[in-house]
């Protein structure tokens, strides 16, 4: 089996270290040929951390000019993800692009169009797509086991220190920018694109930081509404991350969506209609055991290798990634055409 020669671009993203650490756990799949971090302060701050040890530092241009380079992990600061991702696809490299994909729909459309013209893989860093509970739930949705899906509610919060809330001031959506993209992805997977998205953004003003850190977005469908909620102040917010999918034939609860170590998913709760009268008063839930996982990103990165080698099609199409991006920005309160034209 051919190894994927992969480069690592950027040390600034919150997921950078853990993503690279994951890739380096699979030496039979990946050979990491070097890393690039154009910002000297960022490099000095993070380069001594364990996941980066033993890797040659290259300039972005030197990394992308390598003829043997197959793919790049684009893990720079959020605001540079799409510009550097664009450089990678222009150089003919497959990319794993962390999320969210910036705040400019036209810039992301250009990246997608460039990748599509060359048949390149663009994998976004939405790790919940590979959560065993999400995979099982989506399978049930697509098989019709839950009936018509009428409501999805998703929560992704944490308790941020002051410096992170200050960092989030850079984005008009605050916590909805960094967390809401994950949740918009889940809602679209279960229900498709909504008719409208309405954003409700609030500031707690904790520690005097003026940032939208208490956010709600309502996704409106012909027969109901779904919600996504994010916050930056919740004690045990990670332990209460959740996904609830309610259909006419059953309800799935993933609560918590993640455990405190961000990996050890164990079970989900399923409630289905009992064959009895007055069933609305009965608690019919059952526990569904889930397969074990190695870590938060393992399944995603193994899938990336298979796509780069041409062993499988990317299950998340270019068009779908654009829909997720539009929905994510609308949830942040930006003016977005949810039915934007597909990439050329």
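Go through the range 139-253 and tell me which strands (runs of 3 or more DSSP E), entirely inside it, have 3 or more residues that are more than 19 Å from residue 103 (Cα to Cα) and touching a strand residue (DSSP E or B) at 6+ places or on another chain (Cβ under 9 Å). Before the answer, list the steps.
Values: elements: 149-157, 196-202, 214-221, 224-231, 242-247.
Qualifying strands (runs of 3 or more DSSP E): 149-157, 214-221, 224-231, 242-247.
In the range 264-275, of all residues being surrounded by fewer than 16 Cβ atoms within 10 Å (Cβ to Cβ) and part of a loop (DSSP other than H, G, I, E, B), the one that is modelled with the lowest pLDDT corresponds to 264.
Restricting to the range 97-129, name every residue that is more than 25 Å from residue 173 (Cα to Cα) and either in contact with a helix residue (DSSP H, G or I) (Cβ under 6 Å, 6 or more places away or on another chain) or in contact (Cβ under 8 Å) with a residue 60 or more places away in the chain (or both).
At the first step, the residues of the range 97-129 found to be more than 25 Å from residue 173 (Cα to Cα) are 113-121.
113, 114, 115, 116, 120, 121, listed by residue number.
Checked against (1) in contact (Cβ under 8 Å) with a residue 40 or more places away in the chain; (2) surrounded by 15 or more Cβ atoms within 10 Å (Cβ to Cβ); (3) closer than 30 Å to residue 149 by Cα; (4) in contact with a helix residue (DSSP H, G or I) (Cβ under 9 Å, 6 or more places away or on another chain), residue 196 passes all but condition (2).
Quick grid of which residues meet (1) buried (at least 19 other Cβ atoms within 10 Å of the Cβ); (2) in the same structural domain as residue 186 (by TED's automatic domain parsing); (3) within 18 Å of the chain's Cα centre (by Cα); (4) in contact (Cβ under 8 Å) with a residue 24 or more places away in the chain:
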{"site": "202", "(1), (2), (3), (4)": "no, yes, no, no"}
{"site": "211", "(1), (2), (3), (4)": "yes, yes, no, yes"}
{"site": "214", "(1), (2), (3), (4)": "yes, yes, no, yes"}
{"site": "217", "(1), (2), (3), (4)": "yes, yes, yes, yes"}
{"site": "226", "(1), (2), (3), (4)": "yes, yes, no, yes"}
{"site": "230", "(1), (2), (3), (4)": "yes, yes, yes, yes"}
{"site": "241", "(1), (2), (3), (4)": "yes, yes, yes, yes"}
{"site": "247", "(1), (2), (3), (4)": "yes, yes, no, yes"}
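A Cβ distance below 8 Å, combined with a sequence gap of six or more or placement on separate chains, defines the contacts here; from the range 137-154, residues that are more than 15 Å from residue 268 (Cβ to Cβ) reach residues that are part of a helix (DSSP H, G or I) in the pairs 149/141; 149/190; 149/191.
Each residue in the range 86-109 was checked for being assigned to a helix (DSSP H, G or I) and either in contact with a strand residue (DSSP E or B) (Cβ under 8 Å, 6 or more places away or on another chain) or under 15 Å from residue 319 (Cβ atoms) (or both), and 5 pass.
Residues that are surrounded by 13 or more Cβ atoms within 10 Å (Cβ to Cβ), touching a helix residue (DSSP H, G or I) at 6+ places or on another chain (Cβ under 8 Å) and assigned to a helix (DSSP H, G or I) within the range 27-65 comprise 46, 51, 52, 60, 64, listed in sequence order. Taking the condition of being farther than 22 Å from residue 66 by Cα, in contact with a helix residue (DSSP H, G or I) (Cβ under 6 Å, 6 or more places away or on another chain) and either at pLDDT 90 or above or outside any loop (DSSP other than H, G, I, E, B) (or both), how many residues in the range 1-26 meet it? Looking only at that region, the number is 3.
Which residues, taken from the range 155-173, are free of Cβ contacts under 8 Å to residues at least 60 places away in the same chain and surrounded by 17 or more Cβ atoms within 10 Å (Cβ to Cβ)? Across the range 155-173, the qualifying residue is only 167.
The values are calculated or read from the model by the stated rules, or taken from the named source; none is laboratory data. These numbers were taken from a predicted model, which means no experiment stands behind them. Counting neighbours? That spans all protein chains shown, and the Cβs are built from the backbone with ideal geometry, glycine included.
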